[in-house]
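What follows is a set of notes on a single structure, which appears directly below.
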Amino acid sequence: MFSTVFSMVGISTLDLGTLDLGTWSAGVLLGYGLLAGLIAVLALSSQRWLLWYLFGGMAYWITVEVIQSLLLNWFLLSEWHSYVAAMGISWLPLGAWVLYRALRYDDVSQSVQQQRELVASRYIEHTPVYDDDYQPRFH
């Protein structure tokens, strides 16, 4: 994955310690500079929470890449089939969470409904509802 990202700048390995900036073109330097500048501006703005989406997306895709490479090494799958399987495997926790919430919602909604009915039964129609710390203005 990293070799494809850096292939446009002529890096064949990830040995960035011997990286020569003279081999980078002006367009690549401008692009990476703009990207770094935009991330810095976003980090200093009030919308910095958007960086969590950016980093979360990168972490998710790295997870998919790791699963894909493991599937590619363990099973005799093509690259396309291993990516599809990796995406499916990465969605399993989300599916389990949605199923858990859907099954739990029935229990929660019944108990909440019973509690609302109990609270509503304490009040008589046309009776004003006051807070515990209510003090009338005139007495």
Exercise for the section: Could you please let me know if TYR53 is exposed (fewer than 12 other Cβ atoms within 10 Å of the Cβ) and modelled with pLDDT under 95? Expected result: yes
Fill in the blank from the handout: Across segment 8-38, the tally of residues that are part of a helix (DSSP H, G or I), among the hydrophobic types (A, V, I, L, M, F, W, C) and at pLDDT 55 or above stands at 9
Exercise for the section: Enumerate the pairs (first residue in segment 62-81 and touching a residue at least 40 places away in the same chain (Cβ under 8 Å); second residue anywhere and among the small types (Gly, Ala, Ser)) with beta-carbon separation below 9 Å, excluding pairs fewer than 6 apart on the same chain, so at least 6 apart or on different chains. Expected result: GLU65/ALA86
Exercise for the section: Kindly indicate the residue of segment 87-139 that is under 31 Å from the mean Cα position of the chain (by Cα) and among the β-branched types (Val, Ile, Thr) and also modelled with the highest pLDDT among those meeting that condition. Expected result: ILE89
Exercise for the section: Report whether or not ARG116 is open to solvent by 100 Å² or more (accessible area, probe 1.4 Å), among the basic types (Lys, Arg), without any contact (Cβ under 8 Å) to a residue 40 or more places away in the chain and not in a loop (DSSP other than H, G, I, E, B). Expected result: yes
Problem - Residue tally, condition of a type in the set (S, T, N, Q), assigned to a helix (DSSP H, G or I) and open to solvent by less than 70 Å² (accessible area, probe 1.4 Å), over segment 64-103 - result: 4
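The values are calculated or read from the model by the stated rules, or taken from the named source; none is laboratory data. Being a predicted model, the structure only gives us computed values, none of them experimental. Ideal geometry is used to build each Cβ from the backbone, glycine not excepted, and the neighbour counts take in all protein chains shown. For the accessible areas, the whole protein counts, side chains as well, though only heavy atoms, and no ligand, DNA or RNA atoms are used. Shrake-Rupley method; radii C 1.70, N 1.55, O 1.52, S 1.80 Å.
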